[in-house]
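Asker: This is the structure I want to talk about, given as structure tokens.
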Amino acid sequence: MKFRMRHADRIVGVFTLLAFVLLVGVIILMGANQRWFAKNYTYFAQFPTAGSVQPGTAIFHKGFQVGTIRRVSLNEAGSVDAEFSIQDSYYHLMRTHSLLELVTSPIGLGSQLLLHAGRSLEPLPEESYVPTADSAEGQDLIELELVDIPPKDDTITRLLSNVNPLLESTSKTVTTLNRTLTELNRALAGQSEGPLGDIITDASAAVARLPTTLDEINSLVVAARDSAVTLLDSANVIAGNLETMSASFADPTGLVTTLLDPKGSIATFLDDKDALYNRVMTMLLEAERSVRSLREISASLSAEMPKLAVVLEEGKTALVSAQDVLEGLKNNPLLKGGITEREEQDSLYSSMREGAFE
Amino acid sequence: MIESIGASVRDKASRFLYALAFFGRVVDRSLRFFRRRQVGYKVLVFQILFTGVEALLVNAVMAMAIGAAIIVIGSSLLPQFGQSRLMYDIMVIVITKELGPLLTAFIVIARSGTAIATELAGMVVGHEIEAYISVGVDPVSFLVVPRVIGMVASLALLSIYFNLFGLLGSFLVVQLIKPIAFAEYFQSLLAALAPGDILSGMAKSLVFGVIISTVASYQGFAIGRASTEIPVAGIKAVGQSFVLCIFADVLITLAQYA
């Protein structure tokens, strides 16, 4: 009898028992892995439709499943109420400003429900309402950067998620630009009553007044320049005086020291019975006389200037002659041809000395 | 011609009703089997031995091959779409819910369905059934019920082993081709596996077991007196079992997803 026939009962028993043990083991491991007996925290959310949100839909955070949709129902307002649970090991993600985001693949590879933790440190109590990224409240949270949204795993989704804000931003910018251009056009047309219109009107008036203003500025500049020259001359004179005065002050035997001495010239000057005054007057008269003589000499010199010119002309002629001599010497040291006779020509002017000795 | 069509319809209807009556009798006797502790218990043990234990090797090889193929294809193809996690869902669906029970049923049909049909047909040709009846032994209770219960139990157990070898044994095969981390694989697989998947596979195995054993027994008893009908009974048992198993699989799957 074959071994298996003799021990058929044992073999079948082992075969059956082993299968049951393995099955129970797998079920236990499955229960432990799927947290059948672990505590979950319940929260609520609202979605526009239940198309991608069904009971059992997993909720992910950075690629890890952190919860599950438990129940969905259509409320009287027409939106879908969803009850979802978060595992206790991920309860710390449920903070104030946390939100849910339903991400749908653009190429039809299904959708994923993501949980984004709020940046607040305050924990979100159980059975609280969690907004979705599509809702107005969720948009506010995203714009205010109160929620931590990691970059998407899928490249296309990530690109598309970036495109939407860009398009919205571009649209806003274009709208603002249009509004600004319209306002600018109205302001340029003089139809605006706002601050820009006032500015444009003021600027136009200022431009109209600009030539007059420039003329005035030119006049002012010229006047200022003249005044500055005069002032500079005066300042130079004053500076010279100050310099002289400073030198006088610095000299211990100078005029000021002598004048300030009680036993000096001032006392003598005051008690000399006009002697000094007379002396000074005499000196002044003599000086006047000298100046007059000097003036006469100057006038005489002016009269003699033509004669001086003649002398200079003759000097020049002599120099030309000397140049010729030197040239002749240079060309022929033996003086073969000699020096050409030059006809003398009397000066048209008579010199002062010649006149004096006539 | 009309007479021949009518006769054929009557014959088919008669056979169908007979088959239903036979099935009802098998169910009735099966419910009494464990209470009466008949000698057919030994037949049950041998049936599990032949159908379950001896088919384990083929079952395991097929399970590991299919599991390894899914892992290799899934780990190469699905990351390109950013859907790596779907690999575990696909494995659970294919191995536990769909292909596992069906392929196990095909193995059992090929091995044990033909064996039961030809064995019972041989007993009919050899007048052994008449002998059992003549001594007061119900052939259904003694010959069919242990085979039906043994077949159902074997398919259920083989389905469990198919899942284990398909989901875990295939991992060992893949390590030789394309190594992946065991902890990640095991945790992801357990996360994807749901009790409903296991129950679905088990339910299909039970239904397939009932179908295969009943059809094989019926075809074995349905032959005439000629020994040349024995292989025909085996062929009919295999063909009908295949068709009915696939039909039942479709119905159960539709019931799950409808």
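The values are calculated or read from the model by the stated rules, or taken from the named source; none is laboratory data. Every value quoted in this text rests on a predicted model; they were computed, and no experiment measured them. Using ideal geometry, Cβ is built from the backbone for each residue, glycine included, and neighbour counts are taken over all protein chains shown. For accessibility, only protein heavy atoms count, side chains too; no ligands or nucleic acids. Shrake-Rupley method; radii C 1.70, N 1.55, O 1.52, S 1.80 Å.
Asker: Once phi is turned into ³J(HN,Hα) by the Karplus curve 6.51 cos²θ - 1.76 cosθ + 1.60 with θ = phi - 60°, what whole-Hz value does each residue of the range A:279-294 show in order, with x for glycine and proline?
Answerer: Ordered by residue, 3J(HN,Hα) equals 4, 4, 4, 4, 4, 5, 5, 4, 4, 4, 5, 4, 5, 5, 4, 4 Hz.
Asker: Rounded to the nearest 0.05, what FRET efficiency is calculated for residue A:216 and residue A:193 with R0 set to 35 Å and r the Cβ-Cβ distance?
Answerer: 0.65
Asker: Considering all projection directions equally, how large on average is the shadow of the alpha-carbon convex hull of the protein assembly as shown, in square nanometres?
Answerer: For the Cα atoms of the protein assembly as shown, the hull's average projected area reads 94.0 nm².
Asker: List the residues whose amide H sits under 5 Å from the amide H of residue B:193, counting only those 5 or more places along or on another chain, with H placed 1.01 Å from N in the peptide plane.
Answerer: Long-range HN contacts for residue B:193: none found.
Asker: Specify the inter-centroid distance of the range B:135-155 and the range A:41-97, based on alpha-carbon positions, in whole Å.
Answerer: About 52 Å separates the Cα centre of the range B:135-155 from the one of the range A:41-97.
Asker: While we're on this one: For every other residue with a beta carbon closer than 15 angstrom to the beta carbon of residue B:100, add +1 if it is Lys or Arg and -1 if Asp or Glu, then tell me the sum.
Answerer: -2
Asker: Another one. Under a 5 Å amide H to amide H cut-off, with H placed in plane at 1.01 Å, what residues pair with residue A:66 once short-range neighbours are removed?
Answerer: Amide H neighbours of residue A:66, under 5 Å, 5+ apart: A:59, A:60, A:61.
Asker: Using a 1.4 Å probe on the protein heavy atoms, what percent of the accessible area of the range B:35-124 belongs to carbon and sulfur?
Answerer: Result for the range B:35-124: 69 percent of the exposed heavy-atom area is carbon or sulfur.
Asker: Still on this model: Using +1 at the Cβ of each Lys and Arg and -1 at the Cβ of each Asp and Glu in the protein assembly as shown, identify which of B:224, A:329, B:58 lies farthest towards the dipole's positive end.
Answerer: The residue sitting most towards the positive pole is B:224.
Asker: Roughly how crowded by other chains is peptide A:12-19, in terms of the mean Cβ count from those chains within 10 Å of each of its Cβ atoms?
Answerer: Mean inter-chain Cβ contacts per residue within 10 Å come to 6.
Asker: Considering every residue in B:154-161, what mean count of other chain Cβ atoms within 10 Å of its Cβ is obtained?
Answerer: 4
Asker: Under a cut-off of 25 Å between alpha-carbon atoms, report the lysines in cross-link reach of residue A:62, not counting same-chain residues fewer than 8 places apart.
Answerer: Hits, sequence-local ones excluded: A:39, A:152.
Asker: Show me, for the range A:191-202, the HN-Hα J-couplings you get by feeding each phi into the Karplus relation (A = 6.51, B = -1.76, C = 1.60, θ = phi - 60°), rounded to Hz, glycine and proline as x.
Answerer: 9, 7, 10, x, x, 5, x, 4, 5, 4, 4, 4
Asker: Can you order the peptides A:320-327, B:61-68 by their average number of other Cβ atoms within 10 Å per residue, highest first?
Answerer: Ranked by mean Cβ neighbours within 10 Å, highest first: B:61-68, A:320-327.
Asker: Return one whole number: the accessible area per residue of the range A:39-150 in Å², for a 1.4 Å probe.
Answerer: 51
Asker: Which of the listed residues, B:99, B:74, B:145, is farthest toward the dipole's positive end in the range B:64-151, when Lys, Arg count +1 and Asp, Glu count -1 at the beta-carbon?
Answerer: Final value for the positive-end residue is B:74.
Asker: Roughly what would the spin-label model give for residue A:280 and residue B:184, points 7 Å off Cα along C-beta, in nm?
Answerer: In this crude label model, residue A:280 to residue B:184 measures out at 11.7 nm.
Asker: In Å², nearest 100, what accessible area do chains A and B bury in total when the solvent probe is 1.4 Å?
Answerer: By this definition, chains A and B bury close to 2200 Å².
Asker: Amide H of residue A:192 versus every other amide H placed in the peptide plane: which residues, excluding those fewer than 5 positions away on the same chain, fall under 5 Å?
Answerer: A:187
Asker: I've got another one for you. Please state the relative contact order of chain B as a whole percent: Cα pairs under 8 Å, 6+ residues apart?
Answerer: Dividing the mean separation by the residue count of chain B yields 31 percent.
Asker: What is the gain in length, in nm to one decimal, between residue A:309 and residue A:21 on full extension, counting 0.36 nm per residue of separation less the C-alpha to C-alpha distance?
Answerer: 89.1 nm
Asker: Taking θ = phi - 60°, what integer Hz values does the Karplus form 6.51 cos²θ - 1.76 cosθ + 1.60 yield along the range B:116-128, in sequence order, with x for Gly and Pro?
Answerer: Karplus-based 3J(HN,Hα) across the range B:116-128 equals 5, 4, 5, 5, 5, 4, x, 5, 5, 4, x, 6, 5 Hz.
Asker: Using a Förster distance of 56 angstrom, determine the FRET efficiency expected from the C-beta separation of residue B:250 and residue A:173, and round it to 0.05.
Answerer: 0.45
Asker: Based on DSSP, what percent of beta bridges with both residues in the protein assembly as shown are antiparallel, to the nearest 5?
Answerer: 85
Asker: A follow-up question, please. Hey, got the dipole for the protein assembly as shown? About the Cα centre, +1 on K and R Cβ, -1 on D and E Cβ, debye to the nearest 20?
Answerer: The calculation lands at about 7200 debye.
Asker: What FRET efficiency comes out for the pair residue B:194/residue A:149, r = Cβ-Cβ distance, R0 = 45 Å, nearest 0.05?
Answerer: 0.90
Asker: Here is a further query. Which of the lysines could be linked to residue B:12 by a straight reach, that is with a Cα gap under 20 Å, when you skip same-chain ones fewer than 8 residues away?
Answerer: The qualifying lysines are B:236.
Asker: Another question, then. When we measure straight from the Cα of residue B:204, which lysines land under 18 angstrom away, once same-chain ones fewer than 8 places off are left out?
Answerer: B:97
Asker: Among A:34-45, B:83-94, A:188-199, B:184-195, how do they line up from the highest to the lowest mean number of other beta-carbon atoms within 10 Å?
Answerer: So the peptides A:34-45, B:83-94, A:188-199, B:184-195, ranked by packing, come out B:83-94, B:184-195, A:34-45, A:188-199.
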